[in-house]
Amino acid sequence: MSASNQEFFIPAGNGVSEFTEKRSRFIGYLFHVTEEKEALAQIAAVKSKHYDAKHNVYAYLIRETGAMRYSDDGEPQGTAGMPVLEVLRREGLTDVCCVVTRYFGGVLLGAGGLTRAYARAAKDVVAATGIHVMRPFQTLFVTCPYPLFERVKRSLSGAGGILSDAQYGADIQLTLLLPLETGDAFSASLTELSSGSIQAVPGEVVFRGVPV
């Protein structure tokens, strides 16, 4: 498998979590983004929503370009953006943007306290949102007679595949997604169960998110 077909980890969606530490309110936001401009748009949206907050700290990583950025947004250097970024990196996440909003509660946390609080905010929102592994799947196009449809579906399930689309006409036009490691075996099983009447036509390799 080439490097471009290696699996990678992303947020399962967009999420939010919140806690209070010594009267300071920390609100963590997590976003799945695929471009730097998307990350910047999400950061801007959070800043607009929490315009009255003292700090809107962020970190993001983009897979395609390798972009990796963070900001302490007025907190002492190294106590905010970097801890958030390190949590994302330890979780193995990419195509991800995390923003942590802090409403100052009047009690100083100190450098160590800030570092722990921002790291906790990032950990909490990652846990609340969940993680998906993006895996490469081979697209296969199959013309399936109705009497064989259930057998094809059973074979597909056994190969860890996904029925992406089905168009019903004289026959059923199926769009299937197969893990790269099982695609060839599945195609062979189609030939066997149909006595050679069904042929799988390969399409492009696509990435699909699967819960971790």
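Inspection of the stretch 151-160 finds no residue satisfying the criterion of being part of a strand (DSSP E or B), more than 30 Å from Lys54 (Cβ to Cβ), assigned by TED's automatic domain parsing to the domain that holds Val205 and touching a Phe, Trp or Tyr at 6+ places or on another chain (Cβ under 8 Å). The residues on offer are Ala111, Ala128, Ala117, Ala121, and the sole one that is in contact (Cβ under 8 Å) with a residue 12 or more places away in the chain, closer than 30 Å to Leu163 by Cα and in a helix (DSSP H, G or I) is Ala128.
At least 2 residues being of a type in the set (Ser, Thr, Tyr) is the threshold, and among the strands (runs of 3 or more DSSP E) wholly inside the stretch 1-87 those reaching it are 15-21, 24-32, 55-61, 68-71.
Taken over the stretch 21-56, residues that are within 30 Å of Gln6 (Cβ to Cβ) and not hydroxyl-bearing (Ser, Thr, Tyr) amount to 14. Contact map, the stretch 65-80: residues that are touching a residue at least 24 places away in the same chain (Cβ under 8 Å) and assigned by TED's automatic domain parsing to the domain that holds Lys47 paired with residues that are hydrophobic (A, V, I, L, M, F, W, C) and part of a strand (DSSP E or B), Cβ distance under 6 Å, separation 6+ or inter-chain. Pairs shown: Ala80/Val57. Kindly establish whether Val87 is crowded, with 19+ Cβ neighbours inside 10 Å, closer than 19 Å to Gly13 by Cα and of a type in the set (A, V, I, L, M). The answer is yes for Val87.
Arg69 meets each of the listed conditions (1) out of contact with any Asp or Glu (no Cβ under 9 Å at 6 or more places or on another chain); (2) under 19 Å from Val96 (Cα atoms); (3) modelled with pLDDT of 95 or more apart from (1).
The values are calculated or read from the model by the stated rules, or taken from the named source; none is laboratory data. As the structure is a prediction and not an experimental result, all values here were calculated from the model. Reconstructed Cβ throughout: ideal geometry from the backbone, glycine too, with neighbour counts over all protein chains shown.
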